[in-house]
Structure formats: structure tokens, C-alpha cells
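*Asks:* Structure incoming, see below.
The values are calculated or read from the model by the stated rules, or taken from the named source; none is laboratory data. Worth saying up front: this structure is predicted, and the values here are computed from it rather than measured. So basically every Cβ, Gly included, is an ideal-geometry build from the backbone, and we count neighbours across all protein chains shown. In case anyone asks, the SASA skips ligands and DNA or RNA and just uses the protein heavy atoms, side chains included. Shrake-Rupley method; radii C 1.70, N 1.55, O 1.52, S 1.80 Å.
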Amino acid sequence: MLHLLQSSSIVTDTTQVVPKVKEVAEGLSSGNIHWEEVISQLIRWSLDAGKHILIACVIYLIGHYLIKFLNYLLAGVLERRKVEISVQTFVKSFVGILLQVLLVVTVVGALGVNTTSFAALLASFGVAVGMALSGNLQNFAGGIVILFLKPYKVGDWIEAQGTAGTVQAIQIFHTILLTADGKQIYVPNGSMSSGSITNYTLTPTRRLEWTIGIEYGEDVDKARLAIMDIVQADSRILKTPAPEVWLKELNSSSVDLVVRCWTENADFWPVSFETREKIYEVFNQQGINFPFPQMTIHQAKE
């Protein structure tokens, strides 16, 4: 009679709960069931449910530490085989999520829930979520494309989707960039695989370019020689290709010279800043004047 209380596992069919509760209530009101029997069966059911919950908790704790251990082993295997860092971060992220899903299914089964029904429910839920999160599926596919085509890898300095930074990790859905001011930016892999990417690390050298303005009336050759002396004296600036200084433009308030030279990637930013400072210092020493915006007004005679 007490089918609800005498069940050896947690009731998973919610459609049977209400009728069985009504059956117990009617038995109590008619006197066919005594409170002592109900309480005794409730205690037995509580102990049984507690056993399932305790087992589920133990499985979760063991599974949690087992997943950490397996992730550690996987990281060691990938590192020993010298797999590319970009592939390592992607694989570890994917395997970690897969193991967490398996742990959830195992814990639910330990609670007495029918895992077959749960798997079907999970599959249906997955289809619904997949339709709602189709963009993430695109990001997953984009991550695979990035790993195969390798437009960038971990450690590269890139510019994409309106931001620039060092690639910290390529995960299953996002690429993590670390900007120059220490911010982490998560960029979807879908847009990274289909958008424009500028990779500043693929080539060992980069070209520097400055535009230096001098006043009208200044000696252009004198300014050119002063700049050439500066760049040729810097050992970080490559001799081949040779540095160049050209008259770029006759601007409204200045004569603009363009300076071009090549340097190693690691020296790009130090040379860029320090050379500007050196040019300013040498021009002041040699009396080469920098321009400033000015306007000449002619007053009409009455």
C-alpha cells in the first residue's frame, strides 16, 4: 500500500508522485494506515535517500580530484611530446569540459535517476541549447580552423577585431589576448577565423617609420644628415635594408621628412621611443627649429 514510501530508490517519475501521495492520505483518513507505519517507512526512505546522496557526494569528490589528475597527466603528455602551445590549450579546454559532463551524468546516476532517461533529456536539452547557442558552435569550428591554418599561436602579438595584444591561450570558444596595459580580452574564435588578423610576430624584423617636421626655411640636407647620424649610430637599427630619410610633404606649416629603418621585433618599441627623443635633442643642439601651426592674416587696405 505504501508504494511511495517503500520504494528502494528515489522516485524519478514525477507523474506517479501525486497519486501515491493521495493514496497514503486516503489510507490515513480511513484508518487503514497508521501514523507509526508512515513514520517508520519515512525513516527507511530517508536512510535510503541519504545513502544515495552520500554515494553521489563521494563520487563527486573522487571525480573532481580524478579530473584534476587526468588534466595534469594530459598536460604532461602534451608537453613531453612537444605539442604546440596553441593546440595544448585547446585540447585541455575541450577535455576538461567533456570530463565535467561525464562527472555530472555519473553523479545523477548515483542519485537513483535513470541515466537513460537523463541522457535522452540531456540530448534534447543539448539540441535546444545548440540551436540557441549556434554562435558558440561557430566559435568551436573557428578554433579548429585556427589550429589547422595557424594564423597565430600562443605568444604572438596580433591585432584583430579592434584590439591588439599577446595571445595567451586558444580555447575551444575564445582566444585570450593580453593587452599592453595588462587587460585580458576574450575574442570569439568564429570572428577570429573569418576576420582580418595582423600578426606582428611571424616575421623576425619590422620597419619603423617617423614623420619629422621642420620649419620652412630650414636646411633640409642638414636635418637629413642629423637624422642619419642618429639612426646609423644605433646598433639596434639594421644596416640592411639601409635606413632612409626622404622629404615627404610640404605641409601647411611644416616641411615633413619621413624616416624609415628596420629593427628586430624585440627592439621595435624601445627604438621607436628613444629615437624620437634623440632627434628632438639633436635638433635643439644644432638649431634646427620644429614647426608650429601658424596663420598669416593680410589686412585689406581701405
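*Asks:* For the stretch 142-184, give me each residue that is assigned to a strand (DSSP E or B), open to solvent by 50 Å² or more (accessible area, probe 1.4 Å) and at pLDDT 90 or above.
*Replies:* Trp157, Glu159, Gln168, Leu178, Gln184
Listed here are the residues, each with its yes/no results for (1) open to solvent by less than 20 Å² (accessible area, probe 1.4 Å); (2) under 13 Å from Thr211 (Cα atoms); (3) more than 38 Å from the chain's Cα centre (by Cα).
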| position | (1), (2), (3) |
| --- | --- |
| Leu250 | no, yes, yes |
| Asp267 | no, no, no |
| Val271 | yes, no, no |
| Lys278 | no, no, yes |
| Phe290 | no, yes, yes |
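*Asks:* Here's a follow-up. Taking Asn189 and the conditions (1) surrounded by 17 or more Cβ atoms within 10 Å (Cβ to Cβ); (2) polar (S, T, N, Q); (3) at pLDDT below 85, which numbered condition does it fall short on, given that it satisfies the others?
*Replies:* Unmet condition: (3).
Per-residue answers, yes or no, for (1) touching a residue at least 40 places away in the same chain (Cβ under 8 Å); (2) on the phi > 0 side of the Ramachandran plot; (3) open to solvent by 70 Å² or more (accessible area, probe 1.4 Å):
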{"site": "Ile67", "(1), (2), (3)": "no, no, no"}
{"site": "Lys82", "(1), (2), (3)": "no, yes, yes"}
{"site": "Leu103", "(1), (2), (3)": "yes, no, no"}
{"site": "Val107", "(1), (2), (3)": "yes, no, no"}
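*Asks:* In this structure, does Val245 turn out to be among the β-branched types (Val, Ile, Thr), crowded, with 17+ Cβ neighbours inside 10 Å, in contact (Cβ under 8 Å) with a residue 60 or more places away in the chain and in contact with a Leu (Cβ under 9 Å, 6 or more places away or on another chain)?
*Replies:* no
Yes/no per residue for (1) open to solvent by 50 Å² or more (accessible area, probe 1.4 Å); (2) at pLDDT below 95; (3) outside any strand (DSSP E or B); (4) touching a strand residue (DSSP E or B) at 6+ places or on another chain (Cβ under 8 Å):
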position: Leu202; (1), (2), (3), (4): yes, yes, yes, no
position: Arg206; (1), (2), (3), (4): no, yes, no, yes
position: Gly213; (1), (2), (3), (4): no, yes, no, yes
position: Ser235; (1), (2), (3), (4): yes, yes, yes, no
position: Lys239; (1), (2), (3), (4): yes, yes, yes, no
position: Val259; (1), (2), (3), (4): no, no, no, yes
position: Asn284; (1), (2), (3), (4): yes, yes, yes, no
position: His298; (1), (2), (3), (4): yes, yes, yes, no
position: Lys301; (1), (2), (3), (4): yes, yes, yes, no
